[in-house]
Amino acid sequence: MKKWIVIVGSMLLATSLQAQALTKLCFSCSATEMNQMAWDSVTEMASGGPLYTVDLRNGIVRKYEYRNNVTGDWNPEFDPFEQWAEEVAVEPNISAGVSEVGGYMRAASTENIILPDGTPGMPGDVFDAVQHSSFDDDVAYFIDTTSARSWFNRASDALQIIQGTFFNPNAIKVYVKISWQDGTNAMYGWDPIQKTWVRIPNTARDGRGNLIPELPEQVAGKKYTFPNAVMPGSDAADDYRDMWEHIKNLGVPMFDASGGLGGCGYKMTCTPDGCNVYIQAC
């Protein structure tokens, strides 16, 4: 059973006792999604200390501590072992710092920067960006030329103050969503070490909202849907073709089980043996 116990009031962990915390970034996520991140990190928390889940865009941070049922009278022979993440109060200075970063990010005109079609030197879509790291510097330069850059600078400076004391400095970044005209997109974060914007792995999505796998092992067990993809030349058809080629290039076998034309779209259902493509009903 999952246990979420919210502690309010004066239960604060002294910052002097907290050398380094686990920190995970989420993008405009709900409290339920933050709780799930903590639950999924329970084993990691057992040896890694408390966990902060951070939604920088909205300036929200939640803190969780590791708990288990091992007490003085616990008998490993008869008593089941249970462990869970317990939500506790966030230190006021951390909460204020994250809120400040969120304010700067919201002031940066928009989270979503759209690349113009046919921009010289730019990837044609997010699949190009994922497959060819040679485009990284060009995308970073484009972000730097936007009018929002000064706000991102302020957000990055404010974030470094928090990270220097509490957070894993590589865990969270000031970020922006880069979108292409076909709706494909990915998150790019400011790397204070490299002094540039870098694509955040596993955030790229096609125009249908499908998360684009970056490793073969990420494909098994996934379903990808492409409504209206049977219309040649449409963005949906392009996304379907691009995903097919991308997964195939990862070395995952692709099988056409659609049985010919018909329906209004396609669905890819993937197993460890490969991906089968089916017609979606209208």
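The figures follow:
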{"quantity": "Computed lengthening from residue 254 to residue 36, 0.36 nm per intervening residue step minus Cα-Cα distance", "calculated": "75.3 nm"}
{"quantity": "Rg/Rh (Cα only; Kirkwood hydrodynamic radius) as it applies to region 15-90", "calculated": "1.05"}
{"quantity": "Amide H contacts of residue 60 (H built 1.01 Å from N, under 5 Å, at least 5 apart or other chain)", "calculated": "55"}
{"quantity": "Dipole-positive endmost among 183, 108, 43 within the chain (Cβ charges, Cα centre)", "calculated": "108"}
{"quantity": "Principal semi-axes in Å for region 102-199 [√(5λ), Cα gyration tensor, largest first]", "calculated": "24, 15, 11"}
{"quantity": "Taking 74, 190 and counting other C-beta atoms within 10 Å, the order from fewest to most", "calculated": "74, 190"}
{"quantity": "Backbone HN-Hα couplings from phi across region 85-94 [Karplus 6.51/-1.76/1.60, Hz, Gly and Pro as x]", "calculated": "9, 10, 6, 10, 5, 7, 4, x, 5, 5"}
{"quantity": "FRET efficiency, residue 161 to residue 89 (Cβ-Cβ, R0 22 Å, nearest 0.05)", "calculated": "0.60"}
{"quantity": "Top positive-direction residue, dipole computed over the chain with Cβ charges, set 167, 80, 94", "calculated": "94"}
{"quantity": "Other-chain or far-sequence residues with amide H under 5 Å of residue 196's (modelled H)", "calculated": "191"}
{"quantity": "Largest-first ellipsoid semi-axes for the chain, taking √(5λ) over the Cα gyration tensor eigenvalues, angstrom", "calculated": "38, 28, 15"}
{"quantity": "Net charge of neighbours whose Cβ lies under 14 Å from the Cβ of residue 243, counting Lys and Arg as +1 and Asp and Glu as -1", "calculated": "-4"}
{"quantity": "Phi to ³J(HN,Hα) by Karplus 6.51 cos²θ - 1.76 cosθ + 1.60 over region 26-35, Hz, x for Gly, Pro", "calculated": "10, 10, 6, 9, 8, 4, 4, 5, 5, 4"}
{"quantity": "Alpha-carbon centroids, region 186-248 and region 123-142: separation in whole Å", "calculated": "13 Å"}
{"quantity": "Theoretical ellipticity at 222 nm over the chain - DSSP helices of four or more residues, -39500 (n - 2.57) apiece, nearest 500", "calculated": "-8500 deg cm²/dmol"}
{"quantity": "Neighbour-count order for 87, 77, fewest beta carbons within 10 angstrom listed first", "calculated": "77, 87"}
{"quantity": "Interchain or long-range residues, amide H under 5 Å from residue 203's placed H", "calculated": "187"}
{"quantity": "Distance (nanometres) between label positions extended 7 Å along Cα→Cβ at residue 44 and residue 145", "calculated": "3.7 nm"}
{"quantity": "Angle between the chain longest axis and helix 235-249 axis [Cα atoms, degrees, rounded to 10]", "calculated": "70 degrees"}
{"quantity": "Within-10-Å neighbourhood charge of residue 55 [Cβ basis; K, R +1; D, E -1]", "calculated": "+1"}
{"quantity": "Burial ranking of peptide ranges 173-184, 22-33 (average Cβ count within 10 Å, highest at the top)", "calculated": "173-184, 22-33"}
{"quantity": "Kirkwood hydrodynamic radius over Cα pairs of region 150-229, then Stokes diffusion coefficient at 4 °C and 1.567 mPa s, in µm²/s", "calculated": "88 µm²/s"}
{"quantity": "Lys, Arg +1 and Asp, Glu -1 on Cβ, resulting dipole of region 141-282 about Cα centre, debye, nearest 20", "calculated": "380 debye"}
{"quantity": "In sequence order, calculated HN-Hα J values of region 52-69 (Karplus, 6.51, -1.76, 1.60; Hz; x Gly/Pro)", "calculated": "10, 9, 10, 10, 5, 4, 9, x, 10, 9, 10, 10, 9, 10, 6, 9, 8, 9"}
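No value in this document is a laboratory result; all are computed from the given coordinates. Everything numeric here is computed off the predicted structure, so don't read it as measured data. All Cβ positions, even for glycine, are placed from backbone atoms using ideal geometry, and neighbour counts span all protein chains on display.
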